[in-house]
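Here is the structure we will look at, set down as structure tokens.
Each reported figure results from applying straightforward, stated rules to the coordinates on display, with no laboratory input. Quantities reported herein were computed from a predicted structural model and do not represent experimental measurements. Virtual Cβ from ideal backbone geometry, glycine too; neighbours counted across all protein chains shown.
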Amino acid sequence: MSRLRNLTPVLATLMLAGPVLHSADLATIGDTKLRIYGFLQIYGYEFFNAFQTPGSEASSLFYQDPANGGSSTILNTSNQPDKNFQFGIAPSRFGLASTTPSASLGDIHTKIEFDLNGSNDHLRLANIQIGGWTAGKAWSLWNDMDAGANTVDWAGPIGSACFDTPRMLLLMYVAKLDKNNSLGISLEQNSGYSDGTTFTSASPTTTGDAKIPTLVVAYTYADTWGHLALRGLAQDYGVYVPYAPATAGGVYSVNPKSGAITASAPTAATPEYRFSSMESAGMLSGDVKFGKDDLVFSLYYGNALGQYGTGFQAVLIDATSNEAIYPYKNVGWLAGYTHNWTDKVRSNVVLSGVNYSSNDSIPTTTGAGASDIKTAYSGFLNTFVKLSKNCEVGMEYVYESARAFGTNQAVSQDGSPDNSNIARKLEVEMHVDF
């Protein structure tokens with residue numbers, strides 16, 4: 001009861017704020033129609049067994065580094081405060097869209113969008129759409145937006161491809177084959193291994209060296225009962241080791257007592273070199289409608305998904321001796337069910353998980369650290385109430401757990417080993433579209 005009492009003032013504040021916001025009008029300049037759009041999302045949450053820095057907007061156990069999409073290091077919840085309350089405005093967004101008719105190309109659409117995730121504003125979308133073509137920064141074709149879970153938590157379920165849904169610089173074409181079938185192909189920005197998802201034991205210093213874009217292909221069959229989609233991706237992990245010139249003259253040292261001089265040989269030059277590895281993955285996703293209710297699901301499997309998965313455990317780079325790239329196998333799954341009680345009230349239950357398996361050939365001295373996430377699960381139970389056409393309030397209970405590669409990496413308060421980390425959260429939000 002005390003937990004609900006702490007969130008009651010938040011709910012009252014959000015309900016008073018809702019009617020103040022109004023929809024923006026559509027303007028026309030010449031032949032171009034302009035539209036300002038977006039939403040404001042205000043929330044308050046109380047975290048149990050986890051502490052988040054105020055203002056970090058890190059609303060998940062798996063988001064200890066929100067500026068870079070998460071951290072692979074597990075949170076030791078055994079030494080965290082038992083409660084932590086915060087307000088937030090993530091992921092409120094503001095965008096400007098335009099539509100210009102064209103006799104030869106059809107309508108030309110543009111979009112530019114910012115959000116308020118984290119302590120800094122972020123450019124999320126900026127693209128041009130002509131027919132089935134999209135160019136610029138847009139939602140990755142890897143995402144099945146129609147199979148995403150309906151949660152209050154902005155990070156979403158771990159193990160879902162929509163966890164911190166990636167927006168990529170890309171060139172994409174989606175063809176509508178008939179009323180039920182569509183096929184898409186996308187060339188997307190490859191960040192090499194510099195996207196914060198990689199373990200590296202490289203010496204000398206290495207640089208991500210992705211020479212080709214990531215390829216994503218998607219096939220979708222949709223009907224009145226829902227849809228089914230198959231996706232595949234191939235991404236290149238490239239490594240560049242720069243040239244290191246020889247150190248001339250060697251290094252001399254003097255013994256302060258004896259005065260003896262010791263000289264070391266000059267350092268040999270290290271030539272530049274490159275090596276790479278092509279990794280792939282696949283995903284099955286979709287939804288099935290039961291009257292007004294909806295069941296969504298997804299399952300992905302493959303090597304080194306990196307930012308296309310959860311953003312953790314992608315590859316290990318070993319440039320010291322083996323000049324090798326070792327991928328981690330990623331398996332992620334999601335199942336969610338939406339029940340509409342009325343036209344204005346709906347509830348969701350969502351379960352998800354992710355598992356990482358290290359390659360047997362990875363050297364034991366350069367493998368995953370004892371505190372790096374091996375398996376993780378999340379569960380959500382929520383209810384949304386629509387107050388008006390563009391305004392709704394949601395309340396949610398979240399359960400998250402993670403287990404590390406190592407053993408005995410955490411110690412409970414009684415001093416016993418504890419390799420399982422669990423955090424829970426109550427969150428209430430108001431979401432207003434404009």
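Within the set of other residues whose C-beta is less than 10 Å from the C-beta of Glu113, count the net charge using Lys and Arg as +1 and Asp and Glu as -1. Walk me through the numbers on the way to the answer.
Working: positive: Arg93, Lys111, Arg124, Lys137, Arg167; negative: Asp115.
Value of the local net charge: +4.
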ask   = Once phi is turned into θ = phi - 60°, what whole-Hz ³J(HN,Hα) does the Karplus curve with 6.51, -1.76 and 1.60 give for every residue of the stretch 338-350, x standing for Gly and Pro?
value = 10, 10, 8, 5, 9, 5, 10, 10, 9, 10, 9, 10, 9
3J(HN,Hα) from dihedral phi, the stretch 134-149, Karplus parametrisation 6.51/-1.76/1.60, rounded to Hz, x for glycine, proline = 9, 9, x, 9, 8, 4, 4, 5, 5, 7, 9, 5, 7, 10, x, 7
query = Quick one: net charge of Tyr273's neighbours, Cβ under 13 Å, K/R +1, D/E -1?
reply = -2
note = Partner lysines whose C-alpha sits under 24 Å from that of Lys425, ignoring same-chain residues fewer than 8 away, are Lys83, Lys374, Lys386
ask   = Ordered by residue, what ³J(HN,Hα) values in Hz, to whole numbers, does the stretch 290-303 give under the Karplus form 6.51 cos²θ - 1.76 cosθ + 1.60, where θ = phi - 60° and Gly and Pro are x?
value = 10, x, 8, 8, 8, 10, 10, 7, 7, 8, 10, 8, x, 9
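Quick check: net charge around Phe297, other residues with Cβ under 12 Å of its Cβ, Lys/Arg +1 and Asp/Glu -1?
On the way: positive: none; negative: Asp144, Asp146, Asp287, Asp294.
Result for the neighbourhood of Phe297: -4.
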